[in-house]
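Below is one structure; the comments refer to it alone.
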Amino acid sequence: MQTYAVTAMPIPTLDDVRRTLKTTFGFDAFRPHQEAIVIDVLAGRDVLAILPTGGGKSLCFQLPAVVADGLTVVVSPLIALMKNQVDALDAAGIPATFLNSSLGYDQVRERVRGLANGRYRLLYVAPERLVNEAFYDDLLSWNVERFVVDEAHCISEWGHDFRPEYRRLAGLRSRFPNVPFTALTATATERVRADIERALALRDPAVHLGSFDRPNLTYRVETKADAPARVLAFVRSRPDDAGIVYCGSRDATERLAEKLQRAGVPAAAYHAGLDPGERARTQDAFLRDDIRVVCATVAFGMGIDKSNVRFVVHYDVPKSVEGYYQETGRAGRDGEPAACLLLYGRGDAVRYEKMLADRDDASDGANAREQLRRMIAYAESTACRRRTLLAYFGETLPEGGCGSCDSCLEPRALIDATLDAQKLLSTVYRVARSGNAPVGAGHLADVLTGKMTEKVERRFDDRLTTFGIGADVTAKTWRHLAGELVRLGLLADSGDDYRTLSLTAEGRRALVERTPVRVVAPPLTVAKRSRAERSAADDGDESLFRSLREKRKMLADERNVPAYVVFSDAVLRAMAREKPQTLSAMRRISGVGEKKLADYGEIFVAAIAREVAPEH
């Protein structure tokens, strides 16, 4: 086996850094904050960098690892994330490896030998391995020059994804007092940032705080009514796109995935209760574009290093704004437009509040309730979604609408709904008086519109005096009104899978006293597209883009890697727009480095030439 001597590299200059940015990574310019972070890392400073998902955090430590001497050790939370990042580095010609429990004894021994011989520039490991006493001795002999803690919010007890094993990383500082640390995360409040600095014992760190704004994401919130049908319609409206649907329970992921499958959508469920092998197969199929939609709990999280997720749907309300931001951030990491839809029902919040009330730790429960309260305020607000999200992280959006959320695209006024509210509240009251079991918004809409369903007939609900009195209003509008009355506290949602509705004391009083009721107007039937969505629709040759995507899928399958490892959607969009038909023209496409140009350049040039000038 060939071995490699550990040789010292010359101190890199800024010209070296910028040249490597183009030749190795394929980019002509840095994104905001990247260059400053790279310079601080190369200067040997401790660094804390908070950049949004899709902001290019990985390059901040990968580029220094390429141009500078020594080994960069990266703490990564998930096995799948390590493998995917190493695959992407290998595709770019960067020597990297990982050590984790997925490897056999012989594989580990071979990689350890390579590390001892200086074969690699980057090593990805889990936090558990890094705090292993026996592993310290190995690290001492591998010329470690930098430690990188990825997803650093996991170290903070105040973060949304705290992991106790991360807390033990502080022990590395005493073992390697002269090795600088870089801590990276996509989301951290000021409190979490301070906790990261303290837990890692960072010394006078260079702090880089990027904007939390993701201008390519469109945020929408809709009343949660007939949620499975809404998700199916949403997914069908994007027939070529991959996405994630986050659900609050394991059962919900399985039921929704089954519904999508029956409708012909390639989908799968993912949650912690599934066999590890099944979870791995689902994740791999999603990364390779073999399935389009994953219906998942939050267990499907940081390991999703997939740049072309075009939508994220929240089937249930998240428990915190920070968690919501992190999860929506998995859409559009390639910078291309992506959609984020939250289906909100007050019943979700009621269910979570009941769970929190049972907590033993009063202070922890109070913190969780406050986070949930702020999430509910976001969901129920009619203000600009982007402005509200940014304000949570202490950032101010310039005056004027963002042009890419439902509140700005389709401003919805408050309307007088007193008469219709009386009809709906009366129907809930009469259902309860009839002695039948409570029902949800969908059945109430059937009663009010006079729809004779099997369930209406079986329960004799057509005998209710309110049957058919709301036939002049659509069932969708009645369901929306039901959600608004829950939000206003006039109706109570059971919070279970059946989502039945009942009158509250306030609702009973409003019914008797005919209290005026004003609600947010229902959303438009056809949602307007955001500026980013309109721009993408008009950007380049859509037929060529689809052809290039098919070519990418074929190449990725041949090489047994996820499709985005070959090229991201953003690179394919640039190809479809510029139509490069020579290697020199292909080299000018952002994201095409020398290694990828050598591996794929001629293939894609030929594919573009065939599409642009087809044979007759």
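Assessment of region 369-392 against the conditions (more than 29 Å from the chain's Cα centre (by Cα) and closer than 30 Å to residue 322 by Cα) yields no matching residue. For beta carbons closer than 7 Å, sequence separation of 6+ or different chains, a first residue in region 137-164 that is free of Cβ contacts under 8 Å to residues at least 60 places away in the same chain and under 23 Å from residue 52 (Cβ atoms) and a second that is open to solvent by 60 Å² or more (accessible area, probe 1.4 Å) and not in a strand (DSSP E or B), the qualifying pairs are 155/167; 156/162. When the residues of region 582-615 are filtered to those that are acidic (Asp, Glu) and closer than 27 Å to residue 333 by Cα, the one that is least open to solvent (accessible area, probe 1.4 Å) is 599.
Based on what the data block shows, is residue 63 more than 25 Å from residue 102 (Cα to Cα) and either aromatic (Phe, Trp, Tyr) or in a strand (DSSP E or B) (or both)? Against the criterion (more than 25 Å from residue 102 (Cα to Cα) and either aromatic (Phe, Trp, Tyr) or in a strand (DSSP E or B) (or both)), residue 63 does not qualify. Going through (1) out of contact with any strand residue (DSSP E or B) (no Cβ under 8 Å at 6 or more places or on another chain); (2) surrounded by fewer than 21 Cβ atoms within 10 Å (Cβ to Cβ); (3) modelled with pLDDT of 90 or more one by one, residue 397 falls short only on (3).
Looking at region 224-262 only, could you name the residues that are within 19 Å of the chain's Cα centre (by Cα) and charged (D, E, K, R)? 238, 240, 241, 250, listed by residue number.
In the set (1) open to solvent by less than 10 Å² (accessible area, probe 1.4 Å); (2) without any contact (Cβ under 8 Å) to a residue 60 or more places away in the chain; (3) not charged (D, E, K, R), the condition left unmet by residue 178 is number (1). Here residue 143 meets each of (1) at pLDDT 85 or above; (2) at negative phi; (3) touching a Leu at 6+ places or on another chain (Cβ under 7 Å) with one exception, condition (2).
Inclusion of residue 386 among residues that are modelled with pLDDT under 85, of a type outside the set (Gly, Ala, Ser) and not in a strand (DSSP E or B) is not warranted. Take the conditions (1) open to solvent by 40 Å² or more (accessible area, probe 1.4 Å); (2) closer than 26 Å to residue 23 by Cβ; residue 78 misses just one of them, which is (2). Kindly indicate whether any position in region 349-358 is open to solvent by 10 Å² or more (accessible area, probe 1.4 Å), in a helix (DSSP H, G or I), at pLDDT below 90 and β-branched (Val, Ile, Thr). Yes; the residues of region 349-358 include at least one that is open to solvent by 10 Å² or more (accessible area, probe 1.4 Å), in a helix (DSSP H, G or I), at pLDDT below 90 and β-branched (Val, Ile, Thr). Being surrounded by 15 or more Cβ atoms within 10 Å (Cβ to Cβ) and either free of Cβ contacts under 8 Å to residues at least 60 places away in the same chain or assigned to a helix (DSSP H, G or I) (or both) is the requirement here; does residue 221 meet it? Here the answer is no, as residue 221 does not meet what is asked. When we screen 451, 455 for residues that are closer than 26 Å to residue 249 by Cβ and open to solvent by 30 Å² or more (accessible area, probe 1.4 Å), the only hit is 455.
Considering (1) closer than 30 Å to residue 19 by Cα; (2) part of a helix (DSSP H, G or I), the lone condition that residue 69 does not fulfil carries the number (2). Applying the set (1) open to solvent by 40 Å² or more (accessible area, probe 1.4 Å); (2) touching a residue at least 60 places away in the same chain (Cβ under 8 Å); (3) farther than 16 Å from residue 512 by Cα; (4) out of contact with any strand residue (DSSP E or B) (no Cβ under 8 Å at 6 or more places or on another chain) to residue 442 leaves exactly one unmet item: (1).
Under the condition of being surrounded by 20 or more Cβ atoms within 10 Å (Cβ to Cβ) and more than 30 Å from residue 260 (Cα to Cα), the residues counted in region 208-218 number 1.
Yes or no, residue by residue, for (1) aromatic (Phe, Trp, Tyr); (2) open to solvent by 20 Å² or more (accessible area, probe 1.4 Å); (3) within 25 Å of residue 575 (Cβ to Cβ); (4) modelled with pLDDT of 95 or more:
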site: 22; (1), (2), (3), (4): no, yes, yes, no
site: 27; (1), (2), (3), (4): yes, yes, yes, no
site: 53; (1), (2), (3), (4): no, no, yes, no
site: 82; (1), (2), (3), (4): no, no, no, no
site: 90; (1), (2), (3), (4): no, yes, yes, no
site: 117; (1), (2), (3), (4): no, yes, no, no
site: 122; (1), (2), (3), (4): no, no, no, yes
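Residues in region 193-214 that are assigned to a strand (DSSP E or B) and either touching a Gly at 6+ places or on another chain (Cβ under 8 Å) or of a type in the set (Gly, Ala, Ser) (or both): 206 alone. Among the residues of region 272-329, those that are at pLDDT 90 or above, open to solvent by less than 30 Å² (accessible area, probe 1.4 Å), closer than 29 Å to residue 554 by Cβ and part of a helix (DSSP H, G or I) comprise 282, 285, 286.
Inspection of region 522-543 finds no residue satisfying the criterion of being modelled with pLDDT of 80 or more, open to solvent by less than 50 Å² (accessible area, probe 1.4 Å) and over 30 Å from residue 342 (Cβ atoms). Each residue in region 463-507 was checked for being touching a residue at least 40 places away in the same chain (Cβ under 8 Å), surrounded by 15 or more Cβ atoms within 10 Å (Cβ to Cβ) and not β-branched (Val, Ile, Thr), and 22 of them qualify. Which of the residues that make up region 127-158 are assigned to a loop (DSSP other than H, G, I, E, B) and in contact with a strand residue (DSSP E or B) (Cβ under 8 Å, 6 or more places away or on another chain)? Listed by number, the residues that qualify are 142, 143, 150, 151. For beta carbons closer than 6 Å, sequence separation of 6+ or different chains, a first residue in region 110-136 that is in contact (Cβ under 8 Å) with a residue 12 or more places away in the chain and a second that is open to solvent by 40 Å² or more (accessible area, probe 1.4 Å) and of a type in the set (D, E, K, R), the qualifying pairs are 127/165; 128/165; 131/168; 136/175. Residue 46 passes every criterion in (1) closer than 24 Å to residue 194 by Cβ; (2) open to solvent by 20 Å² or more (accessible area, probe 1.4 Å); (3) touching a helix residue (DSSP H, G or I) at 6+ places or on another chain (Cβ under 9 Å); (4) of a type outside the set (S, T, N, Q) apart from (2). Within region 159-192, the set of residues being in a helix (DSSP H, G or I), under 27 Å from residue 324 (Cα atoms) and in contact with a strand residue (DSSP E or B) (Cβ under 7 Å, 6 or more places away or on another chain) comprises 169 only.
Is it the case, given these coordinates, that residue 205 is open to solvent by 50 Å² or more (accessible area, probe 1.4 Å) and not charged (D, E, K, R)? Taking the combined requirement at face value, the residue does not satisfy it. Scanning region 92-109 for residues that are in a strand (DSSP E or B) and at pLDDT below 90 yields a count of 0.
The values are calculated or read from the model by the stated rules, or taken from the named source; none is laboratory data. These numbers come from a predicted model, not from an experiment. Here Cβ is always computed from backbone atoms with ideal geometry, including for glycine, and neighbour counts include all displayed protein chains. Quick note on the areas: whole protein, heavy atoms, side chains included, nothing else; ligands and nucleic acids left out. Shrake-Rupley method; radii C 1.70, N 1.55, O 1.52, S 1.80 Å.
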